[in-house]
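The values are calculated or read from the model by the stated rules, or taken from the named source; none is laboratory data. Please read all numbers here as calculations on a predicted model, not as lab measurements. Quick reminder, even Gly has a Cβ in these numbers, built from the backbone with ideal geometry, and neighbours come from all protein chains shown.
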Amino acid sequence: MTKRNLGIFGIILIFVAVIIAVFWNLYRHQSFSAEKTLDAVPLNSPLILRINSAEDFVETLQNKINYKSDLQAFESISKFFDLINYIDTTSLFSGSAFKDLLKAPIYVSVNKIGKNSFEWAMHFAIQNQAHLNDLKSWITNRHSEKRIYTGFSIFKISIPANNINPLFVTWQNGVLTVSPSSLIVEASIRQQQTGHSLRTNPQFSNLNKTTNPGSIASLFFNFSLLPGFSEPFLAPKAKNNASFFGRISSWGALDLQLNKERLTLNGFLSNKDTSKFSSLFEGVKPRKSSLHQVLPSDIKLFFSYNYDDPLRFIENLKRYIQNSDEAKKFETVNQSYKNATGSHFVDAFFNLVEGEAALAFSNYNASNPKEGRFLVFRTKGQASTLSELKQMQKYFGVSTDPITWYKVDESTTFPIYQGFSEELPKVALGYLFPDTPLQYFSFYRNYLIFGDSQKSLESFLYQNILKRTLQSHPYFSSFMENFAYEENLFLFAEIPHLISFLQPSLNPDYFHPTQEQMKILFNFYGAGIQLSNSSGLHYVTACADYTPHRDKEPRTIWQSRLDSAVAIKPALVVNHYTLEKEIMVQDKLNNLYLINNMGRILWEKPLDGPIISEIHQIDYYQNNKLQYLFNTEKKLYLLDRNGNHVARYPFTLPAKATNGVAVFDYDKNRNYRLFLALEDRKIYLFDKTGARVTGWNIPQTEGIVTQPVQFFRTSGKDYIVFSDQYRNYIMDRRGNTRVRPNKIFIRNNLSPFYLEYPNSEKSALVTTTTDGSLAQILLPSGKTIIRPQTKVENQPHYFAILYDNKPKYVIVTAEQLKIYNNNLHPEVNKKLESPVKVIADIYHFSSTDYKIGLVSEKESKIFLYNSDGTLYKGFPLKGTSRFSIGFLKSSAYRFNLITGGDYNFIYNYRVE
């Protein structure tokens, strides 16, 4: 061969080599389409998770949620975290080949294997041929088994970690599939060979476009496959309920968001099938629900419907019934009703409803599961609805008269009627509410309430009387801030109680929570799902809240809700008709309330400012009917039992009052005397009409009097006592000085005077000085003794006395309770568990049983101490204000304790 030919041949070889190198490089870097990942997802997958950013997903699960450790108490979830942790902490994804797998979205499909088993598969997008070659190399060097399935290799790779099963791996058409189940891997291989996939499913594709690639993940539901998927989780008697999951919609796509205290899903359901449940809301605008205003606060589970177009909703419901499997059954029972009345039952009933309905469950009672179930409808009016319901009662042969009256108190009763036990109402309403409670019904305002028992209805009505509804529930209100203002459907459940309601319907092989797991569930509050119709799609928001430190519900007899928080010590006042006790209290909006012993607010009255006195009862007309006397800074009030002003009251004071009005009836003849100190440094005396009493020499004080004027009688003499910031005054009933203490001291501004050893030679007025020293003024001599044994250094304090004879002296500071005997030897020196308000209330349970009441406003706790300094049994209790103790009913054998509570409630506790 000539040199020239050799040269040409060399050039050709080089050219061919270059071409081969170029094509080889192009081959190695040939890109695969990430969209084809969907082709590997088996079409029989009911649940599909798309992880948009694997790094963000793992980082969030590992480090950005506060409830991770709680979730890991459950075995199946713990295994999932074990797998995540293994992937995150080992070298499995440290190589470039596996790191590249995380750059594209990852699809996780969940499938049912056999009758009762479930497994997952992960489907990764391979970037290009070079990437695939790297993966092949890693897998072939580490697999323990290999087999061929329809021409494709399936590799088994063992994982050296506890609780993690071996994984099966294959690749096809640029997709790597990994699963603990070889059966799912085989299904994925077959799936890609069919030419059909989720990518070609129009409903899935349309929903996929609505998802947000910026979320950490998106979750897809194939509702038609959910019945078979859910059956193993249900008890045998509940397996028929699984079919409902398939009727919800066709597909759903929801974006997942996770933060420290919350899990949220947002997205859409698609539906073009009138047999689907979501078709009920086609063309129906959502609306704001008012049902939270009447559903009792102890409701643990409810689902509600809200629709702005009743006619459209009724037509959708009738069409949904016609397309259902039980359409013939419904038409059979409905035909006779139509023949007799001329109306379709759905038209007749739902024409009464004003766009809102709910099925609700209160605390679950295992011995009586149907107790505490309610069906609630907002109606177009109580009178018109009752009239139409009576026509239905006549048709069904039910008495139209109330079967009983629920009597809350003397002036509040509710009729309860016989409901419907016939098949037609149950079948018709059963399309919206399973196992409807229709046995009895009653009304609260314009809301129609059905229940299984009279007791259930009475409880519902009573809670509304007390204003204890979900609207006032502290956690429910904040939970609802996660959802839109308007809705078509809402499902809510308190997570800790959900297991109790569902337990009878669940397969115990899967659901058998331990006591520790049930305890952990109480760290979660609520789960909710909201659906709203929007432009032919149904927008869905689902949310679950983690609130581990929420307060437990106090165990009260009743709780009644005010407009604002309790501002004063609740007063127990006498109902002069029944001689039973009632409660008068003011809130922080300056509203005054009278509440009966059942917790019902009888009336509410706004005042010009805070009450600064006790609430006194006087018999103004001397006819054995009592009125309520008190003052604010500007006015002196006298109200009758109905909250009306009496006579010429209220009086506007000539100057601001600096203390609370004191009321004395010296001779028990109802010739009342009213003492009041004003800003002009004078002590005024009024009679019950508000006129100034002649003969009272109005004392001029050196300073401002802030404590109420006090009256004492001992050894036949009367003493009118008060103090300012400079001196103490002891007067007779005409305002003249009766006793001059022989030592000047400044009384502690929080300490009243007490009379010790009355009607004896040892009679003395006792209080404390500003430094806490005990000050005794002997009567009538005025000899004054200062005893420093009780001294309190640099702390505000309150002084009280237990027992008139052989007294015990009580000193309260924010952090200590001290009790001295009559010789001033300390008997109690107790550091308090919570800082308290520097004031004490003394309760006389008997002549020998005194107790001390304290309140910690910061901790919302109230304390009741025995005279030996021990805490009374059952305390502390939840409470935010000073409290009163007494019998609300004359027939009671246990004391009632009335105090303010959190979230504007007033609490009634039972005290042994």
Can you name every residue in segment 832-842 that is in contact with a Ser or Thr (Cβ under 9 Å, 6 or more places away or on another chain) and not acidic (Asp, Glu)?
-> LEU832, SER834, PRO835, VAL836, LYS837, VAL838
Restricting attention to segment 405-418, the residues that are modelled with pLDDT of 95 or more and either more than 14 Å from SER459 (Cα to Cα) or of a type in the set (Asp, Glu) (or both) number exactly 2
Can you find a residue in segment 367-375 that is outside any loop (DSSP other than H, G, I, E, B), out of contact with any strand residue (DSSP E or B) (no Cβ under 9 Å at 6 or more places or on another chain), at pLDDT below 95 and surrounded by fewer than 18 Cβ atoms within 10 Å (Cβ to Cβ)?
-> no
SER564, sole failed condition from (1) in a loop (DSSP other than H, G, I, E, B); (2) buried (at least 16 other Cβ atoms within 10 Å of the Cβ) | (2)
Kindly check whether there is at least one residue in segment 538-553 that is touching a Pro at 6+ places or on another chain (Cβ under 7 Å), closer than 18 Å to THR264 by Cβ and crowded, with 18+ Cβ neighbours inside 10 Å.
-> no
Report, by residue number, each residue of segment 567-579 that is buried (at least 16 other Cβ atoms within 10 Å of the Cβ) and out of contact with any Phe, Trp or Tyr (no Cβ under 8 Å at 6 or more places or on another chain).
-> ALA567, ILE568, ALA571, LEU572, ASN575
Given the residues ILE898, ILE862, which is the only one that is in contact with a strand residue (DSSP E or B) (Cβ under 6 Å, 6 or more places away or on another chain), assigned to a strand (DSSP E or B) and in contact (Cβ under 8 Å) with a residue 40 or more places away in the chain?
-> ILE898
Report, ordered by the first and then the second residue, all pairs with beta carbons closer than 7 Å, sequence separation of six or more or different chains, a first member in segment 176-193 that is farther than 12 Å from TYR149 by Cα and hydrophobic (A, V, I, L, M, F, W, C), and a second member that is assigned to a helix (DSSP H, G or I) and at pLDDT below 90.
-> LEU176/LEU101; LEU176/LEU135
Contact list, first residue from segment 286-309 and assigned to a loop (DSSP other than H, G, I, E, B), second anywhere and acidic (Asp, Glu) and surrounded by 21 or more Cβ atoms within 10 Å (Cβ to Cβ), beta-carbon distance below 9 Å, six or more apart or interchain, is PRO286/GLU487; LYS288/GLU487; SER289/GLU487; ILE299/GLU494; LYS300/GLU494
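Please indicate, with yes or no, whether at least one residue in segment 420-434 is closer than 23 Å to LYS338 by Cβ and basic (Lys, Arg).
Checking segment 420-434: at least one residue is closer than 23 Å to LYS338 by Cβ and basic (Lys, Arg).
Please work out if VAL766 is out of contact with any Pro (no Cβ under 8 Å at 6 or more places or on another chain) and not hydroxyl-bearing (Ser, Thr, Tyr). Break it down stepwise before answering.
On the way: out of contact with any Pro (no Cβ under 8 Å at 6 or more places or on another chain): no; not hydroxyl-bearing (Ser, Thr, Tyr): yes.
No; evaluated as a whole, the condition is false for this residue.
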Mind listing whichever residues of segment 686-725 are surrounded by fewer than 17 Cβ atoms within 10 Å (Cβ to Cβ), assigned to a loop (DSSP other than H, G, I, E, B) and in contact (Cβ under 8 Å) with a residue 60 or more places away in the chain?
-> SER715
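Taking only segment 798-852 into account, find how many residues are among the acidic types (Asp, Glu) and assigned to a strand (DSSP E or B).
The total comes to 3.
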Read through the list (1) under 26 Å from ASP619 (Cβ atoms); (2) out of contact with any Asp or Glu (no Cβ under 7 Å at 6 or more places or on another chain), then give the number of the only condition that ARG733 fails.
-> (2)
Check every one of the strands (runs of 3 or more DSSP E) wholly within segment 130-216 and list those with 1 or more residues that are in the same structural domain as SER76 (by TED's automatic domain parsing) and among the charged types (D, E, K, R).
-> 145-149, 152-157
How many residues of segment 768-784 are touching a residue at least 40 places away in the same chain (Cβ under 8 Å) and either outside any loop (DSSP other than H, G, I, E, B) or buried (at least 17 other Cβ atoms within 10 Å of the Cβ) (or both)? The answer is 5
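Filter segment 252-275 for residues that are outside any strand (DSSP E or B) and in contact with a strand residue (DSSP E or B) (Cβ under 9 Å, 6 or more places away or on another chain); which is surrounded by the fewest Cβ atoms within 10 Å (Cβ to Cβ)?
LYS260
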Test ILE683 against the criterion of being in a loop (DSSP other than H, G, I, E, B) and more than 20 Å from TYR621 (Cα to Cα), and give yes or no.
-> no
Among ASN748, ASN728, which is polar (S, T, N, Q), crowded, with 19+ Cβ neighbours inside 10 Å and touching a Pro at 6+ places or on another chain (Cβ under 7 Å)?
-> ASN728
Quick one: is GLN193 crowded, with 17+ Cβ neighbours inside 10 Å, over 26 Å from PHE350 (Cα atoms) and at pLDDT below 90?
-> no
Any helices (runs of 4 or more DSSP H) falling wholly within segment 1-119 and containing at least 2 residues that are at pLDDT 55 or above, among the β-branched types (Val, Ile, Thr) and surrounded by 13 or more Cβ atoms within 10 Å (Cβ to Cβ) | 54-63, 75-89
Residues in segment 620-670 that are in contact with a strand residue (DSSP E or B) (Cβ under 8 Å, 6 or more places away or on another chain) and within 17 Å of PHE712 (Cα to Cα): how many?
-> 6
Read through the list (1) in a loop (DSSP other than H, G, I, E, B); (2) at pLDDT below 90, then give the number of the only condition that SER243 fails.
-> (1)
